[in-house]
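Novice: Pasting a structure here, questions to come.
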Amino acid sequence: MAEAIVILALEHLVQITAQKIEEEVRLVGDVKKKLKKLQSNLEAIQAVLHDAEERQVKDDKAVRRWLDQLKDTSYDMEDVLDEWNTEIIKLQLEGDLEDAPAPKRKVPSFLLCLSFGIKQVVLRRDIAQKIKKLNKKLDIIAKEKDAYNFKEMKSIKTLERVQSTSLVDVTEIYGREFEKKSLVSKLLDERNEEQKNLHVISLVGMGGIGKTTLAQLAYNNDEVMSHFDTRIWVCVSNPFDEFRVAKAITEGLKCPTNNLVELKSLLQCICQSIMGKKFLLVLDDVWSEDYDKWQQFYHCLKKGSRGSKVLITTRKDTVASIMGSIDLIIIKDLSEEECWLLFRQLAFFGRPPKECEKLEEIGREIVAKFNGLPLAAKTIGSLMRFKRTRDEWQRILDSEIWKLEEIEKSLLSPLMLSYNDLPSMIKRCFLYCAIFPKDHNINKDQLIKLWMAQGYLGLKKDTEMEIIGQEYFNHLASRSFFQEFQKDEDGNIISCKMHDIIHDFAQFLTTNEYFTMDIYGGSRDPVINTSAQHSMLTLKKGATFPISISSLKSLRSLLIGCEGYEYLVPNGVLPNLFGELTCLRALDMSSEILKLNLIATIPKEVKKLIHLKYLNLSGQDVEKLPETLCELYNLQILDVSWCLKLKELPQGMGKLMSLRHLINFETRSLSCMPKAIEKLTCLRTLSDFFIKSSSRDGSKACSTLACLKDLKHLRGTLEIRGLGNVTNVSEVKRMQILSNKKNLFYLKLHFDKDGEGERKKDDDELLLEALQPHPNLEKLNITGYRGSTFRSDWITSLTRLRVLRLYSCKNCMHLSPLGKLPSLELLIIEGMNVKNVVTGIESDGEFSSSTSVILFPKLEVLQFWFVSEWEECEYANTILPCLDTLSINCCVKLRALPDAILQGAKNLQHLDIYQSYSLKERYKNGTGEDWQKISHIPNIKFNDSFLQRDPLPLR
């Protein structure tokens, strides 16, 4: 909405011009005066925007037109200010005579300086003219506002850092007991299995009533899960795309569909896959009343085994009828008491009982306004969790917004209340999510980077925008704007979705500004709203990139997805695209690997995208990036991951002074990094760093770790390849390359080497010692290390290390220091050649045989892989107090399991042995000579078959 955009324009105005006015525009007499007038007008308009936007929601079309004009002008202002800043950077780089390329003919230095000065004067006059035009537009808008008699806000909220908040996981579903039992009963019912018709069950109810939640509950019910051979969940949404739905079903059935590009082929694949199987198919959020579209699926799904079921959720009872529902379950409103229980769980989370008692009466009055809608209870409950006083609760109860009626019955009001309570900088982040289609799986990291590209997370280079973005995401998640979170192994959120009503709400607030579109093969070039600012296009099977996109001169985001296995971009499209869409801040042309007709060349015209901050080329076929890409001085994110053919990065990358994320994992064709990378001191992400052999040609290539020295802001994961090419170990130790990188939590070290010749094990030991990371490191992978041990002072300094993986460390047999790691939870040892693995605690160079010691105090998982010569293992008298899982895989010569582990790991729950044949007879269930040594372990598996299994569900 306009408020968020105006505030963003003000931020740009204040932050960019403050540092430029005195030194850069001195020759233009009244430019400072013009800028102050611009700022004054914006601030006066901002003061009435809250009232203007509420009136717009009440369908005041004149106010909406006024707000649209204001938004357009604010966007124009951002473009001018960005252009100004970009040209200043360009002039500064050109004026840096040290870094400038040598001219073909010698030019006197005073002429170079004169040329530089003339360019500055021209730039200043040009900017002054553009600011003058903006002021004229804004003068008109400011005068028009007085005609609407808007109410002024009492104060303008300052931009403060929002506090991180924990998520409340609403696992309990209130009410619906009858519906729950009825639905599960119908899914398990076998009485209709003799009938020939497909058994279709429908959940029907208005948006936000809880249909999907109820379907998920039944889908994950233990009895239901064991009743069906296979289960598939597909979000259908609107429009009903037969190809996408068929493809989603085949993926759920785990059918190989790489070469299937026709609907008929996909349907045949479904028929073959479900033949003889009892399946449950959930079709969530069905809108289409087109009988013919459903019939082709109906005839195909009838091939399943008797007892198969199709469960649909829909807002329209006519859809249920068209789809031939045998059973219809109408989802009605929750009772007021059920709504109260859901609201209370969220609103009173973490509050002391006395405070809850004081707020209960007014809380029940608020709940009475929800009309039984669980989404309303969840949204406002999440909002009230952050309202501490009775006065704040009373203001919500008395709000005029409750009178609004849009989107769905009674849902606009609670959503509007929750939205209005967001800080302005988070409002714009929420609204940006309107760019994604319904049911889109939103990658959190990508979303934060897209926010960054639009300037929503700050403008200063030294600002930790990524942390601010994380806080904003958490803020929205804690207020129920996001749902269906997926987490990584460490419990961190990696993706989420938006409820379709929340998505409708975001699109309602951004009419004509955001659009998503599916492009089909053979279809005409789509008609597109030329005022759009942000777009996501999905190319379907055989679709060609729509040339009409080039007409969107003001487009600031273009995200291109591809669902088919063809990605067609006709020749000449990209140069034209780059020449026309010069306002772009974010361009995503990524592709999944194995797609056809990928982009092989990025044209030199990419330099015209002067505002670009986010460029995603991942998965493309490019072998080389043009040097002109280095003229994108505002670029913050460059993603070339999975560009499997990429051989080199531009040599001029040192000019990308704003670059914060160079995402290049799985670019194995890169043999080295450009030396200029050492200048990118803003980098937060550098996925892979390649060290080139100093004997190879190319002085501009990085052949030393010294290039990493000044990249002190690196965070997350860093993978270093080619450590075998490092020759000057003393230099590495002196520079302390890694020890100053306190925000790295995952480090991967590869001791591979170019060309012929074997490194000495002492060289690797000295190098590894010199690579000592910061003690904050949590995960470490070491591959190809030739040393025989680890320096104990180096490894034991990693007090936070949770995961350690050792791959192909063929000479390493003394692992004794590892047992001292206080936080280690997972240890994987793979590809060692030694006969005897020593992992105990050493005392004066020898094992202590008389005293029991505690090793690995927090180790939960211990895995051995391909230790082909391993015959025995020494552990002395050891105790592994937390060991839960022991895996021994492809250790063909191992004669016996370490008694010390079997006796010292009292909590061992899982023993997994694979292709370690010497152990098979020795530990055979009941008859093996050492069966009793392992019989106490609840879960024992040999070659993927259980010898013994805990009757309780496994983890």
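Novice: When ranked by the protection proxy of mean other Cβ atoms within 10 Å per residue, highest first, what sequence do the peptides 608-617, 855-864, 344-353 form?
Specialist: Numbers: 608-617: 23.4, 855-864: 19.7, 344-353: 15.9.
So the peptides 608-617, 855-864, 344-353, ranked by packing, come out 608-617, 855-864, 344-353.
Novice: Using 0.36 nm times the number of residues separating Ile362 and Met517, minus their current alpha carbon distance, what extension gain do you get?
Specialist: Value of the extension gain: 51.4 nm.
Novice: How much length is gained on full extension from Thr318 to Phe508, taking 0.36 nm per residue of separation minus their Cα-Cα distance?
Specialist: Difference between extended and current length: 65.8 nm.
Novice: Moving to a separate point now. For the stretch 641-742, what class follows from the C-alpha gyration tensor (a ≥ b ≥ c being the square roots of its eigenvalues): rounded when a/c is under 1.5, otherwise prolate if a/b is larger than b/c, else oblate?
Specialist: Note, shape of the stretch 641-742 comes out rounded.
Novice: Order the following by accessible area, largest value first: Trp287, Trp294. Probe radius 1.4 Å; ligands, DNA and RNA are ignored.
Specialist: So, going from the largest accessible area down, we get Trp287, Trp294.
Novice: Another one. Only sites in a loop by DSSP and with at most 16 other Cβ atoms within 10 Å count here; which GluC sites (Glu not before Pro) in the stretch 473-516 make the cut?
Specialist: Here the sparse-neighbourhood loop sites are Glu489.
Novice: Assuming R0 = 60 Å, what is the FRET efficiency of Val184 and Tyr148, from their Cβ-Cβ distance, to the nearest 0.05?
Specialist: 0.60
Novice: Below 8 Å, C-alpha to C-alpha, sequence gap of six or more: please give me the relative contact order for the stretch 282-406 in percent.
Specialist: Dividing the mean separation by the residue count of the stretch 282-406 yields 24 percent.
Novice: Would you mind computing, in nm to one decimal, how far apart the modelled labels at Asp222 and Ser797 are, each placed 7 Å from Cα along Cα→Cβ?
Specialist: 5.0 nm
Novice: With a/c under 1.5 counting as rounded, go ahead and sort the stretch 322-463 into rounded, prolate or oblate using the C-alpha gyration tensor (a ≥ b ≥ c being the square roots of the eigenvalues; past the cut-off, prolate if a/b is larger than b/c, else oblate).
Specialist: oblate
Novice: Let me ask another. If each residue of separation counts as 0.36 nm, what is the full-extension length gain between Lys487 and Leu459 once their alpha-carbon separation is subtracted?
Specialist: Details: separation 28, 0.36 × 28 = 10.08 nm, distance 2.96 nm.
Using 0.36 nm per residue and subtracting the Cα-Cα distance, I get 7.1 nm.
Novice: Between Lys933 and Asp754, take the C-beta separation as r, use R0 = 51 Å, and let me know the FRET efficiency to the nearest 0.05. The partial results should precede the final answer.
Specialist: Details: r = 48 Å, r/R0 = 0.94.
The value I calculate is 0.60.
Novice: Starting from the Cα of Tyr746, step 7 Å along the direction of its Cβ; do the same at Lys254; then give the gap between the two resulting points in nm.
Specialist: Taking the simple label geometry, Tyr746 and Lys254 are separated by 2.5 nm.
Novice: Charges at C-beta only: +1 for Lys and Arg, -1 for Asp and Glu. How large is the resulting dipole of the stretch 890-949 about its Cα centre, in Debye rounded to 20?
Specialist: With only Lys, Arg, Asp and Glu charged at Cβ, the dipole is about 20 debye.
Novice: Right, here's the next one. Applying 1/(1 + (r/R0)^6) with R0 = 35 Å to the Cβ-Cβ distance of Lys906 and Arg351, what FRET efficiency is obtained, to the nearest 0.05?
Specialist: Calculated transfer efficiency: 0.25.
Novice: Ranking request for peptides 578-585, 771-778: highest mean number of other beta-carbon atoms within 10 Å first, then the rest in descending order.
Specialist: 578-585, 771-778
Novice: In whole percent, how big is the carbon plus sulfur part of the accessible area of the stretch 611-690, probe 1.4 Å, protein atoms only?
Specialist: On the way: 1120 of 2190 Å².
The value for the stretch 611-690 is 51 percent carbon and sulfur by accessible area.
Novice: So for the pair Glu921, Asn943, with labels modelled 7 Å out along Cα→Cβ, what separation do we get in nm?
Specialist: 1.4 nm
Novice: So, one more: With a 1.4 Å probe and all protein chains left in place, how much of the accessible area of the stretch 243-367 comes from carbon and sulfur atoms, in whole percent? Can you show the working numbers first?
Specialist: Numbers: 2900 of 5880 Å².
C and S fraction of accessible area: 49 percent.
Novice: If you don't mind, another one. Restricting the count to DSSP beta bridges whose residues both fall in the stretch 224-368, what percent are antiparallel, rounded to a multiple of 5?
Specialist: DSSP beta bridges in the stretch 224-368 are roughly 10 percent antiparallel.
Novice: In addition: For the stretch 717-778, run through the trypsin sites (Lys or Arg not before Pro) and keep only the ones in DSSP coil with at most 12 other Cβ atoms within 10 Å of their Cβ.
Specialist: Lys760
Novice: Quick check on the stretch 534-673: take the gyration tensor over C-alpha atoms, sort the square-rooted eigenvalues as a ≥ b ≥ c, and tell me if it's rounded (a/c under 1.5), prolate or oblate. All intermediate terms of the calculation are to be shown ahead of the outcome.
Specialist: On the way: a/c = 1.78, a/b = 1.13, b/c = 1.57.
Taking the square roots of the gyration eigenvalues as a ≥ b ≥ c, the stretch 534-673 is oblate.
The values are calculated or read from the model by the stated rules, or taken from the named source; none is laboratory data. Nothing here was measured: the structure is a model prediction, and the numbers come from that model. We place every Cβ from the backbone using ideal geometry, glycine too, and count neighbours over all the protein chains shown. For accessibility, only protein heavy atoms count, side chains too; no ligands or nucleic acids. Shrake-Rupley method; radii C 1.70, N 1.55, O 1.52, S 1.80 Å.
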